[in-house]
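*Asks:* Structure below; questions to follow.
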Amino acid sequence: MNFLVLSLIKAAVVAFVLMTTLAYLQWIERKVIAHIQLRVGPRRVGPHGLLQPLADVIKLLTKEDMLPSHVNKVFYFLAPFIAVFFALIAISVIPFGGEISIGPIKTAMQLTDLNIGVLFILGLSGMGVYGVALAGWASNNKYALLGGLRSSAQMISYELPMAMAIAAPLLMLNTLSFRQLVDAQGGYYFGIIPRWAVFQGPFPQIISFFLFVIAAFAETNRVPFDLPEAENELVAGFHTEYSSMKFAAFFMAEYANMVTVSCVATLLFLGGWQPLFPAEYGSKFIPTLIFLLGGAICLFHGFNPVRPLDRITLPVAGIVFIGIGAAFLIPIVATILLPLFWFSAKVGVILFLYIWIRGTLPRFRYDQLMNFAWTFMFPVAIANLFITGLLVALT
Amino acid sequence: MDAILFLLFAAIAVVCAINLVLQSHPISSALSLVGVMGSLAVLYLLLGGEFIAMAQLIVYAGAIMVLFIFVIMLLNAGTELRSKRHLWGMYAGIPMLLALVGVVAYIVRDVLPASGAVVFGSFQHGNPEDIGKNLFVNYLLPFEVTSVLILVAIIGAIVLARKEVD
């Protein structure tokens, strides 16, 4: 019974945090891209546009739900559910930190630790294709059909190099459970270089990491691989005919996939919640330092406001930041917060990379996309896997 | 709990399998097959075959069926036309089916040697470590021979599908 209650509480917390992350990821993306393009981005709703995600949700919920004529109704309604279901359920095997104990309760910061966790994620990503393919097919629209076809072909093609790229670090770390993967990446070389898979001997998995990130961009249909929804060719691709909540479901699935893939990259290659350098060199003060610095910048701009509203909002944000920074100094809280900080910092860096690339790179042409997967990524992934296997066998 | 899950997913598998035959549209049939594959994966999981379950999900439900659906969508296959039912099929179909089920049930129950009752959770060797050990230590030769066979099949497929270059 205790297990059931604990699991329910953990599931509620994870679901809440994930939903908030998805909503604000979109806000961050709009802000970052706006600044890349010398705009200011959303700033009408709430201070600095912070309530924009809420406004978007209300807009999407209350919008009229259009049903185009001659669609295949069953599959038309089923597709967004499939997409969002397989995208959201993947978070259940992702660990966010080590074991924690609150009072008498000892639990892992993870919903469930499967001994086949990596395979589970691969299986789910394979099933996610159905949502996109069916949406394109059921919509009775040639642009949507082309988008659906493109995405199925693209996802099948990039799944191969992705699986190969995942296999190489697994050979070194010797397990399929995410928790044990992170444990196998603990420790430091010469007391300073972390033993993350990207640095770990006998063959640092840096090539594998880049292959995985590139394949992950293609799997999540993001720029520069966003051919399934190429706006200027296919209107909006597979979700052309979807409106209101059904469109929101696809949107949410895309962002949830981004988060999952970033988490997997962090866990497989970047050592999960293992800090960048050992605690004896002061890695546990990094979060405090960052939050204090952020708070100080906010306070400075709050006292020298550019806009009248900044006089109120920025000092509040600054005090919140300083409070969070101070929380990292309390030993009991820090044991929970530190792994979370390192984990979310790494995931955040990869997510920022996603947004950065969306703001800077143009889209591939379709033949370039396929050539890249089959004639470049696949051979490189095989060579990398071969060398890794050889070196692991020799040592 | 295990028994309830088993009955649930066995029922889903059977319903999907029947639906696969009854549906007239290729996409519906293909998706029913995905349902069958998915419920089979859950059944493997209940019996302790974790690796097999995930392989089923990734290879069959994921890769192969996506390829099926891709081809169906690419060929734009429409609803299949039904011919008028044959007289034999109309009147003798159901009794013959029942007879077949009866014979199979009889063979499984009385002719085949009795196997012990299945206990959920008693089989503990379905994890990737044990599978790998068995494949690469105990059954290395059959494994390698199979991989050569698959290689031959791949090359054959490429040769057959290749365009003639003059």
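*Asks:* Could you go through the stretch A:280-288 and let me know if any residue there is of a type outside the set (Gly, Ala, Ser), out of contact with any strand residue (DSSP E or B) (no Cβ under 9 Å at 6 or more places or on another chain) and exposed (fewer than 12 other Cβ atoms within 10 Å of the Cβ).
*Replies:* yes
*Asks:* Of the conditions (1) closer than 22 Å to A:LEU18 by Cβ; (2) more than 21 Å from the chain's Cα centre (by Cα), A:LEU78 satisfies every one except a single condition; which number is it?
*Replies:* Here A:LEU78 clears every test but (1).
*Asks:* For the condition closer than 16 Å to A:SER344 by Cβ, buried (at least 18 other Cβ atoms within 10 Å of the Cβ) and not aliphatic (A, V, I, L, M), what is the one hit in A:GLY294, A:GLY325, A:GLY302?
*Replies:* Residue meeting the stated conditions: A:GLY325.
*Asks:* Let me ask you something else. Any residue at all in the stretch A:89-104 that is touching a residue at least 24 places away in the same chain (Cβ under 8 Å), crowded, with 18+ Cβ neighbours inside 10 Å, under 25 Å from A:VAL13 (Cα atoms) and within 11 Å of chain B (Cβ to nearest Cβ)?
*Replies:* no
*Asks:* Another question, then. Select, from B:LEU160, B:LEU81, B:LEU75, the only residue that is over 27 Å from B:GLY49 (Cβ atoms), within 12 Å of another protein chain (Cβ to nearest Cβ) and surrounded by fewer than 10 Cβ atoms within 10 Å (Cβ to Cβ).
*Replies:* B:LEU75
*Asks:* Of all residues in the stretch B:1-37, which are assigned to a helix (DSSP H, G or I) and of a type in the set (Gly, Ala, Ser)?
*Replies:* Of everything in the stretch B:1-37, those that are assigned to a helix (DSSP H, G or I) and of a type in the set (Gly, Ala, Ser) turn out to be B:ALA3, B:ALA10, B:ALA11, B:ALA13, B:ALA17, B:SER28, B:SER29, B:ALA30, B:SER32, B:GLY35.
*Asks:* State all residues of the stretch A:306-348 that are among the hydroxyl-bearing types (Ser, Thr, Tyr) and more than 22 Å from A:ALA265 (Cα to Cα); if no residue qualifies, say none.
*Replies:* A:THR313, A:THR335
*Asks:* Could you please find all residues in the stretch A:17-60 being more than 22 Å from the chain's Cα centre (by Cα), surrounded by fewer than 16 Cβ atoms within 10 Å (Cβ to Cβ) and closer than 28 Å to A:PHE96 by Cβ?
*Replies:* A:GLY46
*Asks:* Only one of A:GLU280, A:GLU254 is modelled with pLDDT of 85 or more and either part of a loop (DSSP other than H, G, I, E, B) or among the acidic types (Asp, Glu) (or both). Can you tell me which?
*Replies:* Within the list A:GLU280, A:GLU254, the selection yields A:GLU254.
*Asks:* Also, quick follow-up: How many residues does the stretch A:81-112 hold that are within 19 Å of the chain's Cα centre (by Cα) and either within 26 Å of A:GLN185 (Cα to Cα) or not assigned by TED's automatic domain parsing to the domain that holds A:VAL264 (or both)?
*Replies:* Summing the residues that are within 19 Å of the chain's Cα centre (by Cα) and either within 26 Å of A:GLN185 (Cα to Cα) or not assigned by TED's automatic domain parsing to the domain that holds A:VAL264 (or both) in the stretch A:81-112 gives 13.
*Asks:* Another question, then. Out of all the residues in the stretch B:38-51, which are in a helix (DSSP H, G or I), among the aliphatic types (A, V, I, L, M) and more than 10 Å from chain A (Cβ to nearest Cβ)?
*Replies:* B:LEU40, B:VAL42, B:LEU43, B:LEU46
*Asks:* Continuing with the same structure: Hey, does the stretch A:266-277 have a residue that's among the aliphatic types (A, V, I, L, M), modelled with pLDDT under 85, outside any loop (DSSP other than H, G, I, E, B) and touching a strand residue (DSSP E or B) at 6+ places or on another chain (Cβ under 7 Å)?
*Replies:* Looking through the stretch A:266-277, none of the residues is among the aliphatic types (A, V, I, L, M), modelled with pLDDT under 85, outside any loop (DSSP other than H, G, I, E, B) and touching a strand residue (DSSP E or B) at 6+ places or on another chain (Cβ under 7 Å).
*Asks:* Taking the condition of being more than 9 Å from every other protein chain (Cβ to nearest Cβ) and not hydroxyl-bearing (Ser, Thr, Tyr), how many residues in the stretch A:129-159 meet it?
*Replies:* 11
*Asks:* Which of the following residues is touching a residue at least 12 places away in the same chain (Cβ under 8 Å), outside the structural domain of B:ALA41 (by TED's automatic domain parsing) and within 30 Å of A:LEU160 (Cα to Cα): B:ILE150, B:ILE131, B:ILE155?
*Replies:* Sole residue among the options that is touching a residue at least 12 places away in the same chain (Cβ under 8 Å), outside the structural domain of B:ALA41 (by TED's automatic domain parsing) and within 30 Å of A:LEU160 (Cα to Cα): B:ILE131.
*Asks:* Could you grab me the full set of residues in the stretch A:160-187 that are more than 12 Å from chain B (Cβ to nearest Cβ), outside any helix (DSSP H, G or I), in contact (Cβ under 8 Å) with a residue 40 or more places away in the chain and surrounded by 17 or more Cβ atoms within 10 Å (Cβ to Cβ)?
*Replies:* Answer for the stretch A:160-187, where residues must be more than 12 Å from chain B (Cβ to nearest Cβ), outside any helix (DSSP H, G or I), in contact (Cβ under 8 Å) with a residue 40 or more places away in the chain and surrounded by 17 or more Cβ atoms within 10 Å (Cβ to Cβ): just A:GLN185.
*Asks:* Is it the case that some residue within the stretch B:56-68 is part of a helix (DSSP H, G or I), within 15 Å of A:LEU134 (Cβ to Cβ), in contact with an Asp or Glu (Cβ under 9 Å, 6 or more places away or on another chain) and small (Gly, Ala, Ser)?
*Replies:* Yes.
*Asks:* Specify which of the listed residues (A:LYS59, A:LYS31) is without any contact (Cβ under 8 Å) to a residue 12 or more places away in the chain and out of contact with any Phe, Trp or Tyr (no Cβ under 9 Å at 6 or more places or on another chain).
*Replies:* Matching residue, one of A:LYS59, A:LYS31: A:LYS59.
*Asks:* If you don't mind, another one. In this structure, is B:SER29 free of Cβ contacts under 8 Å to residues at least 12 places away in the same chain and more than 10 Å from chain A (Cβ to nearest Cβ)?
*Replies:* The answer is yes for B:SER29.
*Asks:* OK, next. Answer with yes or no whether A:ARG195 is surrounded by 22 or more Cβ atoms within 10 Å (Cβ to Cβ), at pLDDT below 85, over 24 Å from B:ALA41 (Cα atoms) and not β-branched (Val, Ile, Thr).
*Replies:* Criteria not met by A:ARG195.
*Asks:* Moving to a separate point now. What pairs come up if the first residue lies in the stretch A:264-281 and is closer than 10 Å to A:TRP196 by Cβ, the second is of a type in the set (Lys, Arg), and their beta carbons are under 6 Å apart, counting only those six or more places apart or on different chains?
*Replies:* A:THR266/A:LYS346; A:LEU270/A:LYS346
*Asks:* Pick from A:PHE190, A:PHE238: which is within 14 Å of chain B (Cβ to nearest Cβ) and farther than 30 Å from B:PHE51 by Cβ?
*Replies:* A:PHE238
The values are calculated or read from the model by the stated rules, or taken from the named source; none is laboratory data. Just so we're clear, the structure is a prediction, and the values are computed from it rather than from any experiment. In this analysis, Cβ positions are derived from the backbone assuming ideal geometry, glycine residues included, and neighbour counts consider all displayed protein chains.
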